[in-house]
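Student: One structure, as structure tokens, below. Some questions next.
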Number of protein chains: 2
Amino acid sequence: MTSIRAMFFDVFGTLVDWRTGVAREADRALRPLGHNLDWTRFADAWRGEYQPGMEEVRSGRIPFCKLDVLHRRNLERFMPRLGLTDLSETVLHELTVAWHRLDAWPDVTAALKRLQKKFLLAPVSNGNISLMVDLARRNNFPWDAILGAEVAGDYKPKPRVYLAACEAFDLAPAQCMMVAAHSNDLAAAAACGLRTAHVARPEEYGPGTGERAPTVPVDFAGADLGDLAGKLGA
Amino acid sequence: MTSIRAMFFDVFGTLVDWRTGVAREADRALRPLGHNLDWTRFADAWRGEYQPGMEEVRSGRIPFCKLDVLHRRNLERFMPRLGLTDLSETVLHELTVAWHRLDAWPDVTAALKRLQKKFLLAPVSNGNISLMVDLARRNNFPWDAILGAEVAGDYKPKPRVYLAACEAFDLAPAQCMMVAAHSNDLAAAAACGLRTAHVARPEEYGPGTGERAPTVPVDFAGADLGDLAGKLGA
């Protein structure tokens, strides 16, 4: 069993609570303008455009662009359905950077600080570098480097994203472990030869909606990141 | 005057003492094999191949490869001149990663911790990501992200390297400051619109050999990084 040298992390849903954070930031930006929506519905509508937006890049229909750019494009796509029109450029920008202002699940930062003592740590997220940096500053994530989509020039679950992360650290895939709350992310990482660990985030899309357990074979599974750190001896 | 949001750092010579470190590591790897060289001459010979090696990439004669790969190739280029032949693959690898085991100048880590409170910080070095990560772990450099040659796919002083770093942080060049002990690096950054700061490293190539002051116009100049931090109000 090759020893694990690095841990790679999915971020949205796995480390940070995007749904509550986006809803809070949308409320903050739009309520003063007289809009009074169901803000979690707003967040869900935005997240609903996430995979289709990235699929444009993965399929090669459009060249790679940062997730911030896709988030902005996706926002403009669903807004009219919620009756939002004529928002100013300033407000559209303020909404787009809502994704830079998300809070970690309560177990995350302490667990990363334990894991840091044993492993190299990096996000391997579809979020761009500046987005990852802002989330790290806000939540004290102790990253060794920011890896993921922007470094790879493509979006997960494309193999290039996982393999580029291993290569950046000069490690074989078997020396790297992908951590996510989403089985499809872990299945794709495992297909590239990485080790995998699932963390349960049962509240991701609202109470009782997230994956309580992986639906694919994984090397480790934790009730949260602290539980996983314990299982890894950190 | 646009306010500075991020500071970018040259690493070899500016933050770490490559000459003493490479000499120490070469001594450690080669003396047990019966070699007894002037180890600083060994380090200088290796560094002498640095710019010609990168020029192969900058000119487009060879595709981009990591600095670790160039360091290995450069090692094999100058070794015979010092009478070193028939070194094993293990020893060649051990020598190549000498560059991952360099110590910071004594003022650096404390100064970066002060600067971190005011600015985003990243290396914008020609060193690859794993090399930067190893130096950061060894010396407690508090980076927000690892930027530089490997992220840009080219070597300084090509403009792409500085501009890719600004873009990764979603900042205009005028919001970013390049810090280096080498005037040519600062001149290239300034030509891209970045702010610049010089730090003196008079011992870089041996006593009294480094730049005591910039030879080009800069925004700030410090006797060392602590002095520069003070001038920036950090």
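Read the figures in this text as sums done on the coordinates, not as results from a lab. Remember, it's a predicted structure, so these values are computed and weren't measured experimentally. Cβ: placed from backbone, ideal geometry, glycine included. Neighbour counts: every protein chain shown.
Student: What do you get when you divide the Cα radius of gyration of the protein assembly as shown by 2.2 N^0.38 Å, with N the number of residues?
Tutor: My calculation over the Cα atoms of the protein assembly as shown gives 1.04.
Student: Follow-up. Just tell me how shielded A:130-136 is by partners: mean number of partner chain Cβ atoms within 10 Å of each residue's Cβ, no decimals.
Tutor: The shielding value for this peptide is 4.
Student: Hey, if you put +1 on the Cβ of every Lys and Arg and -1 on every Asp and Glu Cβ in chain B, which of B:P173, B:L131, B:T215 ends up farthest toward the positive end of that dipole?
Tutor: B:P173
Student: Summing -39500 (n - 2.57) over the DSSP H runs of n ≥ 4 in chain B and dividing by its residue number, what mean residue ellipticity at 222 nm do you reach, to the nearest 500 deg cm²/dmol?
Tutor: Computed ellipticity for chain B at 222 nm equals -12500 deg cm²/dmol.
Student: For segment B:36-45, take each phi angle, set θ = phi - 60°, evaluate the Karplus expression 6.51 cos²θ - 1.76 cosθ + 1.60, and give the result in whole Hz per residue in order, putting x for glycine and proline.
Tutor: For segment B:36-45, the Karplus curve yields 9, 10, 7, 6, 6, 5, 4, 4, 5, 4 Hz.
Student: Taking Cα centroids, how far is segment A:212-231 from segment B:150-180 in Å?
Tutor: Going from one Cα centre to the other spans 38 Å.
Student: State the antiparallel share, in %, of DSSP beta bridges confined to the protein assembly as shown, rounding to the nearest 5.
Tutor: Roughly 5 percent of the beta bridges in the protein assembly as shown run antiparallel, per DSSP.
Student: What residues qualify as long-range amide H neighbours of B:I146, i.e. H under 5 Å apart, gap of 5 or more or another chain, H built at 1.01 Å from N?
Tutor: Hits under the 5 Å cutoff: A:I146.
Student: Quick one: Karplus J couplings for segment B:95-103, per residue in order, coefficients 6.51, -1.76, 1.60, θ = phi - 60°, nearest Hz, x for Gly and Pro?
Tutor: 5, 4, 7, 3, 5, 7, 10, 9, 9
Student: Where does helix A:129-139 land angle-wise versus the long Cα axis of chain A, in degrees 0 to 90, nearest 10?
Tutor: It works out to around 80 degrees.
Student: Report the residue, chosen from A:D154, A:D68, A:D144, that carries the largest GNM mean-square fluctuation when chain A is represented by alpha-carbon nodes joined by springs under 10 Å.
Tutor: Greatest mean-square fluctuation among the candidates belongs to A:D144.
Student: Using Cα pairs under 8 angstrom and six or more residues apart, how large is the relative contact order of segment B:115-234, in percent?
Tutor: With pairs under 8 Å counted, the relative contact order is 17 percent.
Student: So, one more: Through the Karplus equation 6.51 cos²θ - 1.76 cosθ + 1.60, θ set to phi - 60°, convert the phi angles of segment A:78-91 into ³J(HN,Hα) values in whole Hz; use x for Gly and Pro.
Tutor: Those phi angles translate into 9, 3, x, 4, 9, x, 9, 9, 6, 6, 6, 4, 4, 5 Hz.
Student: Please report the antiparallel percentage of DSSP beta bridges with both residues in chain B, rounded to the nearest 5.
Tutor: 5
Student: OK, next. Once you charge only the Cβ atoms, +1 for Lys and Arg and -1 for Asp and Glu, what is the size of the charge dipole of segment B:18-100 about its Cα centre, to the nearest 20 debye?
Tutor: I would put it at about 200 debye.
Student: Next question, about the same structure. Distances from B:R160 to the same position in the other copies: list them in nm, one decimal, shortest first, using label points 7 Å from Cα along Cα→Cβ.
Tutor: 1.5
Student: What does the charge count around A:L131 come to, taking other residues whose C-beta lies under 14 Å from its C-beta (Lys +1, Arg +1, Asp -1, Glu -1)?
Tutor: Result for the local shell: -3.
Student: Let me ask something else. Give the average, rounded to an integer, of partner chain Cβ atoms located within 10 angstrom of each Cβ in B:150-160.
Tutor: For peptide B:150-160, the averaged partner shielding equals 1.
Student: 7 Å along Cα→Cβ for the label point: how many nanometres lie between B:T90 and each equivalent label in the other copies, listed shortest first?
Tutor: In ascending order, 6.7 nm.
Student: Average partner chain C-beta neighbours within 10 Å, per residue of A:167-175?
Tutor: Taking the mean over all residues of the peptide, I get 3.
Student: For segment B:18-100, what number results from the quotient of the Cα radius of gyration and 2.2 N^0.38 Å?
Tutor: Against the empirical 2.2 N^0.38 Å value, I get 1.07 for segment B:18-100.
Student: Among B:P214, B:P157, B:P106, which one moves the most in a GNM of chain B with springs linking Cα atoms closer than 10 Å?
Tutor: Maximum fluctuation in the GNM of chain B, among the listed residues, is at B:P106.
Student: Moving on. Give the nm distances, rounded to one decimal, from A:K231 to the matching residue in every other copy, measuring between label points 7 Å along Cα toward the beta carbon; shortest first.
Tutor: 5.3
Student: Considering only A:G208, A:G222, A:G127, give the residue with the highest GNM mean-square fluctuation for chain A, with springs between Cα atoms whenever their separation is below 10 Å.
Tutor: Most flexible of the set in this elastic network: A:G208.
Student: Could I ask something else about it? Quick check on segment B:90-183: take the gyration tensor over C-alpha atoms, sort the square-rooted eigenvalues as a ≥ b ≥ c, and tell me if it's rounded (a/c under 1.5), prolate or oblate.
Tutor: Oblate.
Student: Also, quick follow-up: Can you tell me the convex hull volume per residue for chain A, based on C-alpha atoms, in Å³ to the nearest whole number?
Tutor: Given the Cα convex hull of chain A, per-residue volume reads 116 Å³.
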